[in-house]
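The values are calculated or read from the model by the stated rules, or taken from the named source; none is laboratory data. This is a predicted model, so every value here is computed, not measured. FYI the Cβ positions are ideal-geometry reconstructions off the backbone, even for glycines, and counts take in every protein chain you see. The accessibility values were calculated without ligands, DNA or RNA, using every heavy atom of the protein model including side chains. Shrake-Rupley method; radii C 1.70, N 1.55, O 1.52, S 1.80 Å.
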Amino acid sequence: MNSLFMLLRLPFTRLLRERFGNVAMIWALTASVVLSLVGVSIDFTRANAARQTLQNAVDGAALVAERMADKPMTERSAAAEQYFKGSLGDEDGATLATISVVELPGGGHRAVATMPVPTTLARLVTNHDFTVKVSSEANQEGTDLEIALILDVTGSMAGQRIIDLRTAAADAVDIMIRADQAPYYSKIALVPYSATVNPGSYADQVRGPITAGAPITGATWKNGAAKAITGVSKANPVVITSNGHGFNNGDFVRITGVGAPTQLNNKIFTIANKTANTFELSGINGGSYNKYTSGGSIQRCFTITCEVQVTANNHGLATNDYAVITGVGGMTQINNAANASWQIENRSANTFILRTAVGINYGDYTNGGTSYCTLEGCEYLRLTSASNAIRVYRVSTCATERTGVDAARDTAPNTAPLGRNYPVASSPCLANTILPLTSDKAALTARINALTATGSTAGHLGIGWGWYLLSPKFGSLWPAGSQPAPYGSPHLRKIAIMMTDGAYNTQYCNGVVASNASGATTSERINCVSPNGDAFAQSAAICTAMKNAGVSVYTVGFALGNDTTAKNALKACASSPSQALFPSNGTELRAVFRSIATAISQLRLSK
């Protein structure tokens, strides 16, 4: 039985062996085809992914070239290629990728790029890599742009931060100012701000003229010529003989140079019972004096202490006012030092007495000098500080907020002047001045590169001035090419970009840092609070009004950290949540400014 089974099994086993061999061969052939198809599919998917990466890179490169339309073509191509290579990074085949950029006849730029995509399993059917090729065209839409660039240059921006800001702002200008200003223009106004904003040569038109000082033509304590003494009695009261003296009862006189009695020398007396050649020294008993020997002169004074009388025609001062004197030659003692002023008495239209200025201790006037009032609107302002100290501050060309119904409006300044600025030492008038709307890229860049950091933060003033430079109501102040177009003009966008690195801490009362501000010391601040509220409240009101007028607002909070108050203020000021941006370092600041500038410039991919 077993032998029979073995005989039957032998051909069957041989048959199975032969069949399995055929199947293996068929499977091997089939598997090769399947594997090749899978490999091609995988590599094709990789190629499509690479194509998308390449497309994104070439799109950006085309936009870079278009942003630089005012540069030579070689620079445009180089910048586009740099962006292109950077965008590809370590993508497979990136090192062999190529790009070419051309300027289109009708405007805009076309970028064409190719990149090899190495194959993997597809090598089973081909020895060649895939090559992807893409193109992109970019141009700018037809829109007039009026942009206010509002830049924080406070003390906290010193060092690397101001360097980062200069770079970021210059980048933005380079993008936003188009090479071709027709048929559509792009203009930028520059607003540096810290504790103040400085309108420079426009100051008088903005905050009103300042009362000028009055030229001084004379200063003396001597009221008329000195008279010679020829006799002194040993009587009670003393009688002085001075032929033709010309004095009157009640006059104040100073005696010098008497040989004897010397008790009279360098003293001031009041005249009584005068005659043509004699007069008494009121209340002076000469009974114990030595007998008169010789000499002596007598000089009439303006006051009982021989205070100085100043001559300044049409000086405009009133009795009990305070005046600041500067530039006097000879009698230099009456020139005021910091925080000093003279109180006025016995004034006439052209003269006034400096109370407590005892002229007998001073030199003789020789030439020059100016007298200034010290009220609001004058060159100097005398005030009481928050620590009850007397302070005298000189006006600057900077401007502060206005009060009343126009505080948060863009009302023309000839109707509602802005506030004056009497700066304190810790928050001086900003040296960097505003620049009205211009398409002069070189001028804008030069101003940006000259920015310096100092002072505290009055963000509401920066925001307000950004609006004023975009407002047609302020237009008559600026040169013709800098005058903003009317609100709602066709094809026009008005945009403000507000940048800050910290909390707003400075607001004003009567042109001086208010007592409720923290941006100056207590001894510097004036003893009154800001009538408009704090800087954040004023900022919110101005932002709202500006947006209601049709201005689109971007805000940039630079390295704010955990300052939620400042962040919330910037978010509320921005026209949309996406327009409030918070870079934390210089690299991010530059990227944010570039992204805003690109969005504003309305660069678009047309193909």
Looking for something touching a strand residue (DSSP E or B) at 6+ places or on another chain (Cβ under 8 Å), in a loop (DSSP other than H, G, I, E, B) and either open to solvent by 10 Å² or more (accessible area, probe 1.4 Å) or of a type in the set (D, E) (or both) - is there at least one such residue anywhere in segment 504-515? yes
Keeping to segment 392-404, report how many residues are crowded, with 22+ Cβ neighbours inside 10 Å and closer than 17 Å to Y372 by Cα. 2
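One line per residue, one yes/no per condition, for (1) of a type in the set (A, V, I, L, M); (2) at pLDDT 75 or above; (3) open to solvent by 70 Å² or more (accessible area, probe 1.4 Å); (4) assigned to a loop (DSSP other than H, G, I, E, B):
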position: A78; (1), (2), (3), (4): yes, yes, no, no
position: G86; (1), (2), (3), (4): no, yes, no, no
position: V112; (1), (2), (3), (4): yes, yes, no, no
position: A122; (1), (2), (3), (4): yes, no, no, no
Pick from N285, N249, N223: which is touching a Cys at 6+ places or on another chain (Cβ under 7 Å) and either farther than 30 Å from Q483 by Cα or crowded, with 16+ Cβ neighbours inside 10 Å (or both)? N223
For segment 452-472, indicate whether the set of residues that are in contact with a Leu (Cβ under 6 Å, 6 or more places away or on another chain), of a type outside the set (D, E, K, R), in a helix (DSSP H, G or I) and closer than 26 Å to K547 by Cβ is non-empty. no
Any idea which residue in segment 205-220 is farthest from Q333 (Cα to Cα), counting only those that are touching a Pro at 6+ places or on another chain (Cβ under 8 Å) and open to solvent by less than 50 Å² (accessible area, probe 1.4 Å)? V206
Selection within segment 182-203 - surrounded by fewer than 18 Cβ atoms within 10 Å (Cβ to Cβ) and either closer than 16 Å to I463 by Cβ or at pLDDT below 95 (or both): A182, P183, Y184
Counting only residues in segment 259-279 that are hydroxyl-bearing (S, T, Y) and crowded, with 16+ Cβ neighbours inside 10 Å, the one nearest to I360 (Cα to Cα) is identified as T270
In segment 319-356, anything within 21 Å of N223 (Cα to Cα), of a type in the set (A, V, I, L, M, F, W, C) and without any contact (Cβ under 8 Å) to a residue 60 or more places away in the chain is listed as W342, I344, A349, F352, I353, L354
Looking at this structure, is N516 under 19 Å from V424 (Cβ atoms), free of Cβ contacts under 8 Å to residues at least 40 places away in the same chain and not β-branched (V, I, T)? yes
Selection from segment 557-586 of residues that are touching a residue at least 24 places away in the same chain (Cβ under 8 Å) and farther than 20 Å from G462 by Cα: S584, N585, G586
Within segment 343-363, take every residue that is within 16 Å of G327 (Cβ to Cβ) and in a loop (DSSP other than H, G, I, E, B) and give me the one that is least open to solvent (accessible area, probe 1.4 Å). G363
Return the residue satisfying two criteria in turn: it lies in segment 405-423 and is outside any loop (DSSP other than H, G, I, E, B) and without any contact (Cβ under 8 Å) to a residue 40 or more places away in the chain, and of such residues it is surrounded by the most Cβ atoms within 10 Å (Cβ to Cβ). D406
Do we find that S489 is open to solvent by 10 Å² or more (accessible area, probe 1.4 Å) and among the small types (G, A, S) in this structure? yes
When segment 250-295 is checked residue by residue, the ones that are part of a loop (DSSP other than H, G, I, E, B), under 25 Å from G359 (Cα atoms), over 60 Å from the mean Cα position of the chain (by Cα) and not small (G, A, S) are V258, P261, N265, I284
Hits in segment 516-533 - residues which are open to solvent by 30 Å² or more (accessible area, probe 1.4 Å) and either of a type in the set (G, A, S) or not in a loop (DSSP other than H, G, I, E, B) (or both): S518, S523
Which members of segment 572-583 meet the condition of being within 21 Å of the chain's Cα centre (by Cα) and not in a strand (DSSP E or B)? C573, A574, F582, P583
Cβ-Cβ below 8 Å, separation at least six or inter-chain, first residue in segment 180-207 and farther than 30 Å from C378 by Cβ, second β-branched (V, I, T) and in a loop (DSSP other than H, G, I, E, B): which pairs? Y184/T143; S186/I177; K187/I177; I188/I177; A189/I434; L190/I434
Among the residues in segment 162-179, are any of a type in the set (S, T, Y), open to solvent by 40 Å² or more (accessible area, probe 1.4 Å) and either within 30 Å of G586 (Cα to Cα) or not in a loop (DSSP other than H, G, I, E, B) (or both)? yes
